[in-house]
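Okay, so here's the structure we're looking at.
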Amino acid sequence: MSALGALLGFVLLLFLIVLIARAVLDWAGVVSPGAGGGVGRARDVSHRITEPVIGPVRRVLKPVRIGAVQLDLAFTAVFIATLILRSLVSYL
């Protein structure tokens with residue numbers, strides 16, 4: 001693996017970690033809606049980092065409503081695409 005491949009792989013790994021943190025923090029907000037402070041700030045940071053990628057995908061893949069639950073397909077698509085890109089970058 002070249003230096004460029006290693007760098008891209010590392011950046012994609014960091015992005016995956018932030019995506020996972022966003023999912024966990026969003027669920028923490030659902031379970032404990034009154035939680036503020038550090039959790040709220042961490043949630044804002046994770047959204048600011050990931051929303052520039054998820055936002056345009058969300059305009060194409062609208063959330064799907066299943067009863068009272070709304071499933072965000074854009075988040076899932078970006079997560080899977082990032083996993084695929086990271087595996088492809090390992091061949092550079």
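The values are calculated or read from the model by the stated rules, or taken from the named source; none is laboratory data. Please read these numbers as outputs of a predicted model, since none were measured by experiment. Neighbour counts run over all protein chains shown; Cβ positions are idealised from the backbone, glycine included.
Just a few scattered comments:
- Residue match in the range 36-54 (condition: in contact with a Lys or Arg (Cβ under 9 Å, 6 or more places away or on another chain), of a type in the set (Lys, Arg) and without any contact (Cβ under 8 Å) to a residue 60 or more places away in the chain): yes
- Taking the listed residues 88, 13, 4, the one that is surrounded by fewer than 15 Cβ atoms within 10 Å (Cβ to Cβ) and modelled with pLDDT under 90 is 4, with no other qualifying.
- Within the range 63-78, at least one residue is assigned to a helix (DSSP H, G or I), surrounded by 11 or more Cβ atoms within 10 Å (Cβ to Cβ), out of contact with any strand residue (DSSP E or B) (no Cβ under 9 Å at 6 or more places or on another chain) and aromatic (Phe, Trp, Tyr).
- Taken over the range 28-55, residues that are at pLDDT below 85 and either touching an Asp or Glu at 6+ places or on another chain (Cβ under 9 Å) or assigned to a helix (DSSP H, G or I) (or both) amount to 7.
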